[in-house]
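Shown next, in structure tokens, is the structure this report addresses.
The values are calculated or read from the model by the stated rules, or taken from the named source; none is laboratory data. Just so we're clear, the structure is a prediction, and the values are computed from it rather than from any experiment. Note that each Cβ is placed from the backbone with ideal geometry, even for glycine, and that neighbours are counted across all protein chains shown. For accessibility, only protein heavy atoms count, side chains too; no ligands or nucleic acids. Shrake-Rupley method; radii C 1.70, N 1.55, O 1.52, S 1.80 Å.
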Amino acid sequence: MAEAKTVHSPALTYFSMISLLTLCPPFVILLWYTMVHADGSVLQTWDYLKQHGVQGFIDIWPRPTAIAWKLIACYAAFEAALQLFLPGKTVEGPISPCGNRPVYKANGMQAYAVTLITYLSLWWFGIFNPAIVYDHLGEIYSALIFGSFIFCIFLYIKGHVAPSSTDSGSSGNIIIDFYWGMELYPRIGKNFDIKVFTNCRFGMMSWAVLAVTYCIKQYEENGKVADSMLVNTILMLVYVTKFFWWEAGYWNTMDIAHDRAGFYICWGCLVWVPSIYTSPGMYLVNHPVNLGIQLAIYILLAGITCIYINYDCDRQRQEFRRTNGKCLVWGKAPSKIVASYTTTSGETKSSLLLTSGWWGLSRHFHYVPEILAAFFWTVPALFDHFLPYFYVLFLTILLFDRAKRDDDRCRSKYGKYWKKYCEKVRYRIIPGIY
């Protein structure tokens, strides 16, 4: 829990926590309003707010409606049911700081396939029109903002009253506890993992569902889908497919294995992912750009290449860990550092740090293709407005901050071995630059 405080000074930590708690919700609404009602123009929204002030902002904030709550409830119940009941092989997560080892059922790819097939079938057979989701998007975001806030309060209380494992506890500060979370692995009952639900099955799944929604909405409006929208939708779907294909690997990452379930992770996945991450597609609905077949194919191939490299980085490290370093990396034996560390219970354990392949280029090289992929699925919007590129900017800041937090955590965990590792792999993210 101390990691919330150690990365930046306490004053900065408080300032960033309070500002994110207060500024993120209105930002989601302003982004939606600008994309859908202000032609994607930040200046147009700015002029409106300058003229009408706070009252004008209150007027554009949609009230959560019954249909919005109904759509969210159906989607959440459907995803929860798939998470619980679809078959999948049993996978163990990494050993936690308190020595616990979470067990998961890896059925993400099945859930993803069932979700998209069901959603498209409902549309195809005229049972439900996904355009309705787009038409009520503001109300859905508004409901998610309030509903997820209440959910985070529930997580806070649960962490105090009924934690699921010993990987929980209070920092003694209510704001830090609410923001960073109380529990590492909160569950409902024995099998329903809350973070797998919020991060993967609600958040990441909604990204794919909304990408398809925007595409269908444009088709319903114009009778055709622009090539820019196709490139955007295909790349986002390839990325989300890659995520679910690799979901069990995601359970070893910082989001699941180190960040506790609080506002930062859970509200972020329940609200920020469906709104901000999908925003380039939201913009394209009303701005069909015609790229021409050649440019569209170039962008598509560049984006797919980046997503593949991002996947291959993670695969390489996962394979290296799974075989305990007894594998080939780029055709030859990997170079590595054996690092020992002590758990909170005083046990000495060791980890292998990979220093060749993608991981020899920089310590977090996999963030480079991830940021570039986001750029390639946004660039079909061209450059009339800045706002579609907000996600790329946000992702860059997020990943650079995450790289710093991860480095700081590893430095305190591995000590001299980490120093040795940094001497061998000198750059943090961009080889030769940073």
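For segment 254-413, the pair-distance distribution built from all alpha carbon pairs, in bins 5 Å wide starting at 0, is 2, 7, 13, 16, 17, 14, 12, 9, 6, 3, 1, 1, 0 percent. Among Gly331, Gly360, Gly99, the largest mean-square fluctuation in a Gaussian network model of the chain, built with springs joining Cα atoms closer than 10 Å, belongs to Gly331. Listed by chain and number, the aspartates and glutamates placed with their C-alpha closer than 15 angstrom to that of Lys419 are Asp406, Asp407, Asp408; residues fewer than eight positions away on the same chain are left out. Per-residue 3J(HN,Hα) values for segment 364-376, derived from phi via the Karplus relation 6.51 cos²θ - 1.76 cosθ + 1.60 with θ = phi - 60°, read 9, 4, 4, 6, 5, x, 5, 5, 5, 4, 4, 5, 5 Hz in sequence order (x marks Gly and Pro).
Accessible area per residue for segment 240-296, computed on protein heavy atoms with a 1.4 Å probe, is 26 Å². About its Cα centre, the chain has a charge dipole of approximately 1860 debye under the convention of +1 per Lys or Arg Cβ and -1 per Asp or Glu Cβ, with nothing else charged. Computed about the Cα centre, the dipole magnitude for segment 358-434 is approximately 740 debye when only Lys and Arg (+1) and Asp and Glu (-1) carry charge, each at its Cβ. Accessible surface computed residue by residue for segment 359-403, with neighbouring protein chains in place and a 1.4 Å probe, gives 35 Å² per residue. Estimated at 0.36 nm per residue, the fully extended path between Lys326 and Leu393 surpasses their Cα-Cα distance by 20.3 nm. At an R0 of 25 angstrom, the distance between the Cβ atoms of Ile153 and Ala73 translates into a FRET efficiency of 0.85. Put a dot 7 Å past the Cα of Thr22, heading toward its Cβ, do the same for Ser412, and the two dots end up 2.7 nm apart.
The share of accessible area on the chain that comes from carbon and sulfur is 66 percent, using a 1.4 angstrom probe. For each pair in Lys89/Lys326; Lys336/Lys420; Lys158/Lys413; Lys195/Lys413; Lys70/Lys242, compute the distance between the two Cα atoms and list the pairs where it is over 19 Å. Beyond 19 Å: Lys89/Lys326; Lys158/Lys413; Lys195/Lys413; Lys70/Lys242.
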